Structure formats: structure tokens, C-alpha cells
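The values are calculated or read from the model by the stated rules, or taken from the named source; none is laboratory data. Fair warning: this is a prediction, and the values are worked out from it, not measured in the lab. Note that each Cβ is placed from the backbone with ideal geometry, even for glycine, and that neighbours are counted across all protein chains shown.
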Amino acid sequence: MPLLLSKENYRVTPWKNGGGQTTEIAIAPAGATLDDFDWRISLATIAQSGAFSSFPGIDRTLTLVEGAGVALQIDGRPVDLSAEHRTVVFAGESAVHATVAGTTTDFNVMSRRSRYRHRFERLSFSGMQTVVRQSGALLLFLAAGEQLDCLGQDGTQLSLGQFDGALIGADDAAEWRLQTTETATVFVVDLMEIQND
């Protein structure tokens, strides 16, 4: 059975370097810390300019949820995270500095590259959309919109409110029909375990 992730139950903690706030949506393995997770998905609130925490060995995807965005320097290269350029991919060991004009909320996916890789997709639609799990774990997150109804090919039904999520495992349905009566933005994250022979 998929695991429903309710915004009321998310854990809020300071950044690793204390420069912001992170709201943990899901982490593996369960009970892992910022030093030993295989993968972690969170909402990051950036309210002041400064450096990002360093996460050696981690691959990161950052995408804008709310706010005007943030000007980033990634290893000295300027990158704007904004309404026009919503997603940035970078290595956790990169030197990243943020310059903000106001508070920004971002969706943050991190995976330990020796154990997992992740694939991120942003879907904006009204009506119906079909999503197929490509890996052992799929996370759905309603980033914008009031309600998202999810129907698995096995008959499982889920309903998500804004900022709620669902973690769908290998034993759950692979194909899901997503339905909304309004325009919704859904983040889809596939988490693929690396098989070492």
C-alpha cells in the first residue's frame, strides 16, 4: 500500500549549516540523518542570502515552488532559479551561494550517487494525466492545486491536498491515473537503486 505523506506530519529542521530551514517530506532508510541517507526529499525555505550546505557524494535537484526565486552561484557559475528557469541540477559537493530578494520555497531531491539515482519531472495539467513508476520507488507531490485524486491500476485510490505526497513502492501499482478539476502542478520523482554486481 502506498505511504501517504501529509504536510501536517512533516519534520521541520534547520539546514545542515544553519542558513535556512528544511521540511522533510521523505527519507530512506527510515530514521536516517543528513549524514547517512540514501535519498531525501524536502522543501527548503531560503529567507536570506548565503552558502548552501555541502553534501559530498550527493546528486541534487532543486525546483522552485513558491516565491520570486533565487540567484545562485554554483562553483562560480551564475544560475537563476526562477519562474522562467524552474529547475537546477548540481552536485552536493559543489560550492553554492544564494542571493535572495525575498523568501523562496524550493523542492529539494537528494540521492547518494553510489546507491541511488533520481529522475525528476514537473507536470502541470488539468483533467487527467497518467504516470508510470519507472523504478522501485515513486514519489508524487502536489506542489500547486487544492486536490489531486490518484487511482492505481490495481484499484488503489489516494487523495492529496496541496503539499501532500504519496510514496509508491515496488509492490504497489506501476501505473497511476492522476485527476484534478483545476490546474495542478505535480512533481514526480523516480528513485532508482543502483545494483552493484
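Val79 fulfils the conditions (1) in contact (Cβ under 8 Å) with a residue 12 or more places away in the chain; (2) over 23 Å from Glu193 (Cβ atoms) except for a single criterion, (1).
Pairing each residue of region 121-144 that is of a type in the set (Gly, Ala, Ser) with any residue that is part of a loop (DSSP other than H, G, I, E, B), provided the two are 6+ apart or on different chains, yields C-beta distances under 7 Å for Gly136/Ala170; Ala144/Gln162.
Taking residues in region 96-117 that are farther than 17 Å from Asp80 by Cβ and of a type in the set (Gly, Ala, Ser), and partners anywhere that are outside any strand (DSSP E or B) and modelled with pLDDT under 95, the pairs with Cβ atoms closer than 9 Å and at least 6 places apart or on different chains are Ser114/Ile194; Ser114/Asn196. Close Cβ contacts (under 6 Å, 6 or more residues apart or on different chains) running from residues in region 1-28 that are closer than 10 Å to Gly165 by Cα and touching a residue at least 24 places away in the same chain (Cβ under 8 Å) to residues that are assigned to a loop (DSSP other than H, G, I, E, B) and among the β-branched types (Val, Ile, Thr) are absent. The residue of region 8-48 that is farthest from Glu66 (Cα to Cα), among those that are among the charged types (D, E, K, R) and in contact with a Phe, Trp or Tyr (Cβ under 7 Å, 6 or more places away or on another chain), is Asp38.
Give me the residue from region 66-87 that is of a type in the set (Gly, Ala, Ser) and surrounded by 14 or more Cβ atoms within 10 Å (Cβ to Cβ) and, out of that set, nearest to Ser53 (Cα to Cα). Lay out the reasoning, then the answer.
Residues of region 66-87 of a type in the set (Gly, Ala, Ser): 67-69, 71, 76, 82-83.
Retained after the next criterion (residues that are surrounded by 14 or more Cβ atoms within 10 Å (Cβ to Cβ)): 67, 69, 71, 82.
Numbers: Gly67: 21, Gly69: 18, Ala71: 16, Ser82: 21 Å.
Only one residue tops the list, namely Ala71.
A single member of Ile58, Ile46 is in the same structural domain as Glu93 (by TED's automatic domain parsing), buried (at least 19 other Cβ atoms within 10 Å of the Cβ) and over 22 Å from Gly102 (Cβ atoms), and it is Ile58.
For region 155-186, the candidate set comprises residues that are in a loop (DSSP other than H, G, I, E, B) and touching a helix residue (DSSP H, G or I) at 6+ places or on another chain (Cβ under 9 Å); within that set, the residue that is surrounded by the fewest Cβ atoms within 10 Å (Cβ to Cβ) is Gln162.
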